[in-house]
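The values are calculated or read from the model by the stated rules, or taken from the named source; none is laboratory data. Just so it is clear, the structure is predicted and the values come from calculations on it, not from any experiment. Surface areas here come from the heavy atoms of the whole protein model, side chains and all, with no ligands, DNA or RNA. Shrake-Rupley method; radii C 1.70, N 1.55, O 1.52, S 1.80 Å.
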Amino acid sequence: MLLIARQLRRRDTVKKIIFAVLVLIGAGVLESPRVVAQDPASEPTATADSAANAITDQDLALLRKDIRSIKKQLVAANLTLTDSEATKFWPVYEQYSSDFGKINETRTTIIKEYSDGYGMLTDDQADNLIRRWLDTDISAAQLRQKYVPIMRKVLPGKKAATFFQLDRRISMMIDVQLTSQLPLVQSQD
């Protein structure tokens, strides 16, 4: 009975950590001076009280929406476009962002599964989770490759390359923040 109680506390702790990391990601990106100057009202909607509760689908949906908005603001602040380029670029960006959102939904599902099973994962479950996580990395790379020629049709080469640099940097920042806060699978023992 004590073991089950400890596993449940550990799982709740992991959920809180994951939620806090997601809030941190949103807050960390918000602290960019260019973004704050553009839109100070884009603060994460989660409060400290929410972080004390289990992660809900609604919390994650709101946070993903905030992160997508922040990411768009960072691209806008760092990618210099003419009016003509902007008219062509932003609809393509929105489609790219929507497609990338599907990959991130899969990642969120994997993280939630990890959180829900933390402390009770079998070797096979851990193997399945990491393989699926790596598949999302492959999907993200394939999506970027798919969109390079599409972006190249609406932007000159240097600006298209700059967009993908920005996109990778922002994604890597989010990945580093997220993965550095997730407890290692082996630590569940």
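Annotations
- Rounded accessible area of Ser115 (nearest 10 Å², 1.4 Å probe): 0 Å²
- Cα gyration tensor shape of region 126-189, rounded if a/c is under 1.5, else prolate or oblate by comparing a/b with b/c: oblate
- Solvent-free Debye calculation, one equal scatterer per alpha-carbon of region 64-189: log10 I(q)/I(0) at 0.19, 0.20 Å⁻¹ equals -1.05, -1.13.
- Measuring between their Cα centroids, region 155-189 and region 65-85 lie 17 Å from each other.
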